[in-house]
Amino acid sequence: MRNYLRRPHHDLAPWRCQRIWLDVAGGDRLAAALHARERIGHAPLVVLIHGLTGCADSHYLRASAHAWLSDGFPVCRLNLRGSPPSRPACQGHYHAGRSADIADALTGLMAHCPEIARSGVVPVGYSLGGNMLIKFLAETGRRFPVRAAACISAPIDLAATSRRFHAPRNLIYHRWLLRRLKIEATQPPAALSRRERAAIAQARSVYAFDDGFIAPHHGFADAMDYYARCSGEQFLPGVAVPLLAIHAADDPWIPVAAYRRTPWAQNPNIGAALTARGGHVGFHARDHAVPWHDRAVMAFTRTVLSG
């Protein structure tokens, strides 16, 4: 709410930005903004992955990019398949489990910047992008040069998150989110059947959107099958690189229960910072211009890199 109401400005102009396109399976391409390319090879490339209905220009992504760039790192702001900047080159659409797109994007980045093989990457996922990232890390092991990773406010129990969306206190947000989902999914050149367009138009809830469009479009039996097979909670034990998960107990949209029941100590590669307050990708500080979650992830990354 603070970002939405205040519309903070994060000036990234001091760092040269290169617009690149990254191929993903099926012929689609992802738009990405690469900053301070000259630093790659000297410091890991920080790859920022947005959340549901977000994009590389979302306030939280620009804030994080500014913080990392100010701290001496190169940064790539990645747009997922079908998000507004990527849509002109995408017939398909992202979802919470489409982790192969992250693998394809990193493969493309490494081809574009061979120096990444030497300095590595630090992927950071926000909300739905964080869930995708956890799944990617578990599936790929150490195949990519991931030095450290982090997820912020990730919906690691998708079914519980869907139920929370429909709580009475989230009525206004739910309507706003559903409207954005429908617009995003139907923008040209999205490849949709008449049945899919009808399902999107008729959806009166995020669950109905997932059940009528996302799930069948991507080969899932229904929304519950999609949630069960893609929730990040089940993939955490398989993460083989240092991962920090940050989540707030007062997140209005993503319940904290899954974080509390996760046996973090059973996998030495993962850890959680669970706070009482912070909202959803909020963690605003009264005494600092940089959100706490950015400072926490940067501190975690520097500790890993120095280890």
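Each row is one residue, and each column tells you yes or no for (1) of a type outside the set (Val, Ile, Thr); (2) under 13 Å from residue 30 (Cβ atoms); (3) surrounded by fewer than 17 Cβ atoms within 10 Å (Cβ to Cβ).
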{"residue": "95", "(1), (2), (3)": "yes, no, no"}
{"residue": "108", "(1), (2), (3)": "yes, yes, no"}
{"residue": "117", "(1), (2), (3)": "yes, no, yes"}
{"residue": "127", "(1), (2), (3)": "yes, no, no"}
{"residue": "135", "(1), (2), (3)": "yes, no, no"}
Check: Tally time: how many residues in the stretch 250-284 are assigned to a loop (DSSP other than H, G, I, E, B), surrounded by fewer than 12 Cβ atoms within 10 Å (Cβ to Cβ) and among the small types (Gly, Ala, Ser)?
Finding: 1
Item checked: Residues within the stretch 278-300 that are closer than 11 Å to residue 150 by Cβ and of a type in the set (A, V, I, L, M), tallied -> 4
Notebook entry, point to check: Out of curiosity, is residue 297 touching a residue at least 60 places away in the same chain (Cβ under 8 Å) and either of a type in the set (D, E, K, R) or assigned to a loop (DSSP other than H, G, I, E, B) (or both)?
Noted result: no
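Within the stretch 184-205, is even one residue among the β-branched types (Val, Ile, Thr), touching a residue at least 24 places away in the same chain (Cβ under 8 Å) and within 17 Å of residue 52 (Cα to Cα)? If you could, list the steps in order and put the result at the bottom.
First, the residues of the stretch 184-205 that are among the β-branched types (Val, Ile, Thr): 186, 200.
Now drop any that are not touching a residue at least 24 places away in the same chain (Cβ under 8 Å), which leaves none.
For the stretch 184-205, residues among the β-branched types (Val, Ile, Thr), touching a residue at least 24 places away in the same chain (Cβ under 8 Å) and within 17 Å of residue 52 (Cα to Cα): absent.
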Margin query: Can you go through 192, 236, 177 and tell me which one is in contact with a strand residue (DSSP E or B) (Cβ under 7 Å, 6 or more places away or on another chain) and either more than 20 Å from residue 161 (Cα to Cα) or part of a helix (DSSP H, G or I) (or both)?
Written below: 236
Checklist line | Output for the stretch 138-161, where each listed residue is more than 14 Å from residue 235 (Cβ to Cβ) and more than 17 Å from the chain's Cα centre (by Cα) | finding: 142, 143, 144, 145, 147, 159, 160
Notebook entry, point to check: Only one of (1) buried (at least 17 other Cβ atoms within 10 Å of the Cβ); (2) polar (S, T, N, Q); (3) more than 22 Å from residue 300 (Cβ to Cβ) is not met by residue 18, so which one is it?
Noted result: (1)
Item checked: Residue identified as more than 23 Å from the chain's Cα centre (by Cα) and either at pLDDT 95 or above or exposed (fewer than 15 other Cβ atoms within 10 Å of the Cβ) (or both) among 190, 203, 208, 223 -> 203
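I need the full set of residues from the stretch 235-250 which are more than 23 Å from residue 122 (Cα to Cα) and touching a helix residue (DSSP H, G or I) at 6+ places or on another chain (Cβ under 9 Å), in order please.
Residues of the stretch 235-250 more than 23 Å from residue 122 (Cα to Cα): 249-250.
Correct list: 249 only.
The values are calculated or read from the model by the stated rules, or taken from the named source; none is laboratory data. Please read all numbers here as calculations on a predicted model, not as lab measurements. Cβ: placed from backbone, ideal geometry, glycine included. Neighbour counts: every protein chain shown.
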